[in-house]
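The values are calculated or read from the model by the stated rules, or taken from the named source; none is laboratory data. Computed from a predicted structure; not experimentally measured. Cβ atoms come from the backbone with ideal geometry, glycine included; neighbour counts cover every protein chain shown.
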Amino acid sequence: MFGVIRERAHALDMDACARYADAMPENPEDQQQSDESAAKTGEKLEIRLAGKATASAQIRARLTKGTKVWIPCKVSEGMFSNESAVEISLPSGEKLSLYVDKSLIQGTGDNAKLRVYVVESSDKEITVLLPSESFQGSRWVRVPQSELVLA
Amino acid sequence: MILSNQAILDAMDQGAFSIAPIEGRDPSSAPFNASAIDLRLGTEVLIPKKNYPVAIDLRNPGIAGFLHQISDRFTMNDHQPFTLEKNEFVVTNTLERVSFPIREEGQQCYSARVEGKSSLARCGILVHFTAPTIHAGFEGPITLEMINMSAHSFLLFPGMYICQLIIEEVRGLPIAAPNQFSGQTGPAGIVP
């Protein structure tokens with residue numbers, strides 16, 4: 001008998017996300033230009049959870065339902081050649097495990113990113129929908145809005 | 001509401017979802033049925049290793065990465081089919097990739113259900129037996145869990161029509177229900 005399958009959102013592990021902060025521009029003006037550039041071009045947004053900077057209001061306004069964003073994850077070989085096994089870390093130490101199509105992955109190993117959809121957005125946080133159900137049951141991950149840094 | 005053959009084509013033309021590659025665009029011929037579209041078998045077959053000394057535990061954090069280690073992969077081609085023995089279970093996927101995007105507010109979202117085909121059913125072939133739903137937001141080939149329930153072996157060829165996809169409208173936006181978060185204070189709950 002399996003345990004209870006949860007249908008709820010998870011918050012992302014800040015530690016697992018912090019490595020993306022290393023790639024942030026040192027100069028705040030560079031970051032601002034990056035944000036403005038993304039807003040102009042309509043490029044896919046990457047969520048980087050650095051805990052030391054926030055997204056511009058302009059970018060936040062673009063985090064509407066259906067927006068594609070990226071979250072950090074760990075990837076390994078999937079069952080089929082077209083897919084990857086993905087692991088998403090939670091602050092509790094718990095991990096979500098799922099299979100996704102390789103087209104939804106950028107990077108390799110521990111420094112990969114998974115493309116997801118924004119389904120809810122508020123001043124505090126956004127909720128993203130995973131491409132498929134995790135083995136642990138949930139398809140939603142919550143990301144604190146105050147921690148967002150957009151590439 | 002289930003989409004008709006023409007409605008499927010119209011919705012794809014509008015970019016509401018995608019199924020590719022499809023063999024033709026004539027709604028009165030294959031791969032279209034009256035209210036479904038047939039999908040073909042891909043080239044890969046995953047065969048669970050028999051007598052492997054483990055019990056699968058979905059709570060295992062590395063379960064997704066582990067399952068491929070306890071499966072053998074077989075690649076079919078036109079000259080090399082896969083023989084599905086009676087009572088054998090394998091995992092395959094479709095040749096076609098599908099995408100059912102979460103769309104902006106005000107735009108219709110779609111989901112789908114994968115179903116068997118009567119021709120295979122008469123041969124005792126199950127192409128899915130527990131997971132038919134292709135949820136909104138999914139993208140990629142569709143995974144099929146297959147079992148041969150007949151008294152005979154059955155040959156699987158890549159490209160053969162293996163299942164049908166029934167496409168439905170999703171009413172409203174597929175967001176998390178409000179009560180899923182209420183009162184939660186842990187890592188899965190409300191962020192301070």
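Key figures for this structure:
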read-out: Among residues of the stretch A:85-104, those that are more than 19 Å from B:D72 (Cβ to Cβ) and at pLDDT 90 or above, counted; value: 9
read-out: Leading residue by the ranking (modelled with the lowest pLDDT) among those in the stretch B:154-184 that are closer than 24 Å to A:K65 by Cα, touching a strand residue (DSSP E or B) at 6+ places or on another chain (Cβ under 9 Å) and not in a loop (DSSP other than H, G, I, E, B); value: B:Q180
read-out: In the stretch B:27-49, residue surrounded by the most Cβ atoms within 10 Å (Cβ to Cβ) [restricted to those that are in contact with a strand residue (DSSP E or B) (Cβ under 7 Å, 6 or more places away or on another chain) and assigned to a loop (DSSP other than H, G, I, E, B)]; value: B:P31
read-out: Residues of the stretch B:127-171 that turn out to be without any contact (Cβ under 8 Å) to a residue 60 or more places away in the chain, among the small types (G, A, S) and over 10 Å from B:Y110 (Cα atoms), as a count; value: 2
read-out: Selected residue [within 27 Å of B:F32 (Cα to Cα), under 12 Å from the mean Cα position of the chain (by Cα), away from chain A (no Cβ under 14 Å) and at pLDDT below 95] from B:H128, B:H135; value: B:H128
read-out: The stretch A:110-126: number of residues that are more than 7 Å from chain B (Cβ to nearest Cβ) and either in contact with a strand residue (DSSP E or B) (Cβ under 7 Å, 6 or more places away or on another chain) or of a type in the set (D, E, K, R) (or both); value: 9
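Condition check ((1) within 12 Å of chain A (Cβ to nearest Cβ); (2) in a helix (DSSP H, G or I)) across all residues:
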{"site": "B:I8", "(1), (2)": "no, yes"}
{"site": "B:M12", "(1), (2)": "no, yes"}
{"site": "B:N51", "(1), (2)": "no, no"}
{"site": "B:L67", "(1), (2)": "yes, yes"}
{"site": "B:F74", "(1), (2)": "yes, no"}
{"site": "B:T83", "(1), (2)": "no, no"}
{"site": "B:K86", "(1), (2)": "no, no"}
{"site": "B:V90", "(1), (2)": "yes, no"}
{"site": "B:Q107", "(1), (2)": "yes, no"}
